[in-house]
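Peer 1: Take a look at this one; I'll ask things after.
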Amino acid sequence: MVPISINEFAKSFVKTNKEENLQDTKEKLQLAVENKKGGADCTSCDAPIWAIGSAIVGWNGCFTCITGEGDSSEDYEIDVVNY
């Protein structure tokens, strides 16, 4: 995955999703980061969560369960949990 900061991702996300609020997006991302750091697993398959996707969809999910795709190499993940 491609590392990105919470601020960078949130700004980009709200720029393309006009109905979203910057502060709310940052808070959701921070909560998802804390969940991932705490060892949260995907509610569907028990893999580690994808923080960005989990923040957007509102449930703890891994990249594959959220997107249906297997290759996450070109997708973003918050830098502090991109491992």
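Quick note: the coordinates plus some simple rules give every number you see, no bench work behind them. These numbers come from a predicted model, not from an experiment. Counting neighbours? That spans all protein chains shown, and the Cβs are built from the backbone with ideal geometry, glycine included.
Peer 1: What is the gain in length, in nm to one decimal, between T16 and S73 on full extension, counting 0.36 nm per residue of separation less the C-alpha to C-alpha distance?
Peer 2: Answer, rounded to one decimal: 18.4 nm.
Peer 1: For Q23 and D41, calculate 0.36 nm times their separation in residues minus their Cα-Cα distance, and state this gained length in nm to one decimal.
Peer 2: Full-extension gain reported as 4.0 nm.
Peer 1: Let me ask something else. Enter the Cα centre distance for the pair region 58-72 and region 26-54, rounded to the nearest angstrom.
Peer 2: The two parts, judged by their Cα centres, are 11 Å apart.
Peer 1: While we're on this one: So if I place +1 on the C-beta of Lys and Arg and -1 on the C-beta of Asp and Glu, and nothing else carries charge, what would the dipole magnitude of the chain be about its Cα centre? I want it in debye, nearest 20.
Peer 2: 280
Peer 1: Order of V57, V33 from fewest to most other C-beta atoms within 10 Å?
Peer 2: Ordered from fewest to most neighbouring Cβ atoms within 10 Å, V57, V33 come out as V57, V33.
Peer 1: Here are several values of log10 I(q)/I(0) by the Debye sum over Cα atoms at q = 0.12, 0.16 Å⁻¹: (1) -0.46, -0.67; (2) -0.30, -0.54; (3) -0.42, -0.69. Which one was derived from the coordinates shown?
Peer 2: From the options (1) -0.46, -0.67; (2) -0.30, -0.54; (3) -0.42, -0.69, the structure gives (2).
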